[in-house]
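Following: one structure in structure tokens, then a few remarks.
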Amino acid sequence: MMNHIDVSSVLRQTLACDLYSNLVTRTTGAAVRTQIEQLVGESRERALTVIDFSQVSMIDFSCADEIVAKLLMRYAADDAPQDAYFLFRGVSDDHWDAIEAVLERHGLALVVEHEECVRVVGVLSDDERRAWEAIHRIGPADAQDVAIETTTDAATAREALDALCRRRLVMQVDGQYVAVGDLRG
């Protein structure tokens, strides 16, 4: 299942103002994240949620921390409320400084789509980055396929893929690993 959440729409509903498209203040970020979590929670099954920043003019560091970092940390935790995966769309240069700073501060990574190009960004080990890029390049595969593609051993590939699954960057589907960005319909 795939959900699409337009962050600017959530922001307007949260603030009850149609003219506001800036994500500033920690309080605003927390309110938007809470609404996003409610929308994600409406799906009772495993789902990919596209978090769309296309109509957001700017985001400050506190909102990026509240929306992006806390959302990723909550769903990557051992006690996550559900099996949820995220693809971030419409992240512009105006958003990137704040988002990159919170990813680095918390050691997080996310999958971002920009002009039909999907990539993983943020803090990853070299093995994790190579494994994600291999899965994205070759499509659904098992650890042995990734090991061959990355010229490493199957145990190293499986460890990296399992770490990517815990971080919600890769999903296991029918015994194979799939890059989150490749789950879009």
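What follows is calculated from the coordinates using simple rules that are stated; it is not laboratory data. For clarity, every value in this text was computed on a predicted model and none was experimentally measured. Note that each Cβ is placed from the backbone with ideal geometry, even for glycine, and that neighbours are counted across all protein chains shown.
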> When the C-alpha atoms of region 97-169 are aligned to their principal axes, what extent does each axis show, in angstrom, from largest down?
Replying inline: 37, 26, 17
>> Please report the antiparallel percentage of DSSP beta bridges with both residues in the chain, rounded to the nearest 5.
In response: 40
>> With +1 on the Cβ of every Lys and Arg and -1 on the Cβ of every Asp and Glu, and nothing else charged, how large is the dipole of the chain about its Cα centre, in debye rounded to the nearest 20?
In response: 420
> If you take the square roots of the eigenvalues of the alpha-carbon gyration tensor of region 63-185 and sort them as a ≥ b ≥ c, do you get rounded (a/c under 1.5), prolate (a/b over b/c) or oblate?
Replying inline: prolate
> Does anyone have the angle between helix 93-106 and the longest principal axis of the chain? Alpha-carbon axes, 0 to 90°, nearest 10?
Replying inline: 60
> Based on the Cβ-Cβ distance from Ala154 to Glu45, what FRET efficiency comes out when R0 is 30 Å, to the nearest 0.05?
Replying inline: 0.50
> Using the beta-carbon distance between Val173 and Thr25 and R0 = 35 Å, what value does 1/(1 + (r/R0)^6) give for FRET efficiency, to the nearest 0.05?
Replying inline: 0.35
>> What do you get for the angle between helix 154-166 and the principal long axis of the chain? Use alpha-carbon atoms, 0 to 90 degrees, nearest ten.
In response: 20
>> Considering all alpha-carbon pairs of region 1-149, what whole percent are spaced by more than 26 angstrom?
In response: 25
